[in-house]
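Chemist: Please read through the structure below; I'll follow up with questions.
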Amino acid sequence: MQDNDGRIPSFHATTIILVKKGGKTVIGGDGQVSFGQTVMKANARKVRRLAKNSVIAGFAGATADAFTLFERLEAKLEQFPGQLLRASVELAKDWRTDRYLRRLEAMMLVADRETALVLTGTGDVLEPESSPMGCVAAIGSGGNYALAAGLALIDIESDAEAIARKAMGIAANICVYTNNNLVIETIERD
C-alpha cells in the first residue's frame with residue numbers, strides 16, 4: 001500500500017504520559033494505532049503493569065518491538081528485583097549493543113513507587129526533570145502536546161491522574177495520531 005506520494009506509509013502509534021505528584025505516579029496512554037492516514041485500531045493497550053504489579057510502563061513505537069522490550073525489562077526486573085533503575089540501565093545496555101535489539105523502534109516510560117524513567121533505543125535512561133510540584137514526561141506522536149499540557153497543569157491541579165487525563169485529552173484534540181481511549185495505571189508510595 002502506498003500513499004499519494006508513492007511512499008509506503010508508516011505506523012504512527014500513540015501518546016504516553018507520566019505524571020508524578022503527591023506520592024502518586026501515573027502512566028497513561030491512548031489507544032490509537034494509525035497506518036498512514038488510516039486508524040487501524042482505536043483501543044490498543046500500550047500501558048502495562050510489570051514485575052508482579054510493582055512497575056508500570058508505557059510504550060510508543062512499533063508494537064512488536066515494544067512487547068519485546070516489555071519482556072526484556074521484565075527479565076531484568078526479575079534479575080534485579082526492586083531495582084528499576086539498575087534493570088533499566090541493564091536493558092539500555094542490551095538495547096544499545098545487541099544487534100537484534102538495536103533495530104527496535106520504541107521508547108518507554110517506566111516507573112515504580114520511587115523512580116520514573118524515560119528509556120530510548122539510543123541507550124538513554126533519563127529521569128524526567130522535577131519541580132517541587134512534581135514531574136511530567138511524555139513520548140510518542142502527541143507527546144509534546146501532552147507534555148506541554150501536563151507541565152501547565154502540574155502547578156494548578158492536585159491529582160496526578162487528573163493531570164494525566166486532562167493532558168491526554170488536550171493532546172487528543174490536537175494530534176491526529178492520538179485518541180481519547182485511555183488506559184491509566186497508577187502506583188502510590190506507601
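Chemist: Out of the stretch 158-180, which residues are over 30 Å from Thr38 (Cβ atoms) and either without any contact (Cβ under 8 Å) to a residue 60 or more places away in the chain or not in a loop (DSSP other than H, G, I, E, B) (or both)?
Modeler: Ala160, Glu161, Ala162, Ile163
Chemist: Still on this model: Go through Phe80, Phe70 for me and flag whichever is open to solvent by less than 30 Å² (accessible area, probe 1.4 Å), at pLDDT 95 or above and more than 19 Å from Ile170 (Cα to Cα).
Modeler: Of Phe80, Phe70, the one residue that is open to solvent by less than 30 Å² (accessible area, probe 1.4 Å), at pLDDT 95 or above and more than 19 Å from Ile170 (Cα to Cα) is Phe80.
Chemist: Considering each residue of the stretch 1-44, count those that are at pLDDT 90 or above, at negative phi and exposed (fewer than 15 other Cβ atoms within 10 Å of the Cβ), and give that number.
Modeler: The number of residues fulfilling the criteria is 2.
Chemist: Sticking with this structure for a sec: Do you know which residues across the stretch 122-141 are among the small types (Gly, Ala, Ser), farther than 18 Å from Leu85 by Cβ and assigned to a loop (DSSP other than H, G, I, E, B)?
Modeler: Selection gives Ser141 alone.
Chemist: Here's another thing I want to ask about it. Hey, among the residues in the stretch 52-67 that are without any contact (Cβ under 8 Å) to a residue 40 or more places away in the chain and not aromatic (Phe, Trp, Tyr), which one's most open to solvent (accessible area, probe 1.4 Å)?
Modeler: Lys52
Conditions (1) more than 14 Å from the chain's Cα centre (by Cα); (2) modelled with pLDDT under 95; (3) loosely packed, with under 15 Cβ neighbours inside 10 Å, marked per residue:
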residue	(1), (2), (3)
Leu101	yes, yes, no
Glu105	no, yes, yes
Val110	no, no, no
Ala116	no, no, no
Thr122	yes, yes, yes
Ala138	no, no, no
Ile154	yes, no, no
Asn173	yes, no, yes
Ile184	no, no, no
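Chemist: Can you tell me which residues in the stretch 162-171 are under 17 Å from Gly31 (Cβ atoms) and either in contact with a helix residue (DSSP H, G or I) (Cβ under 9 Å, 6 or more places away or on another chain) or open to solvent by less than 50 Å² (accessible area, probe 1.4 Å) (or both)?
Modeler: Within the stretch 162-171, Ala164, Ala167, Met168, Gly169, Ile170, Ala171 meet the criteria.
Chemist: On to the next question. Among the residues of the stretch 136-153 satisfying the criterion of being without any contact (Cβ under 8 Å) to a residue 60 or more places away in the chain and not small (Gly, Ala, Ser), which is farthest from Met107 (Cα to Cα)?
Modeler: Looking at the filtered set, the residue picked out is Leu153.
Chemist: Going through the stretch 142-152 one residue at a time, which ones are crowded, with 17+ Cβ neighbours inside 10 Å and not in a loop (DSSP other than H, G, I, E, B)?
Modeler: Gly143, Tyr145, Ala146, Leu147, Ala149, Gly150, Leu151
The values are calculated or read from the model by the stated rules, or taken from the named source; none is laboratory data. Since we're looking at a predicted model, the values are computed, not measured. Glycine also receives a Cβ, built like all others from the backbone with ideal geometry; neighbour counts cover every protein chain displayed. Heads up: the accessible areas ignore ligands, DNA and RNA and are worked out on the full protein's heavy atoms, side chains in. Shrake-Rupley method; radii C 1.70, N 1.55, O 1.52, S 1.80 Å.
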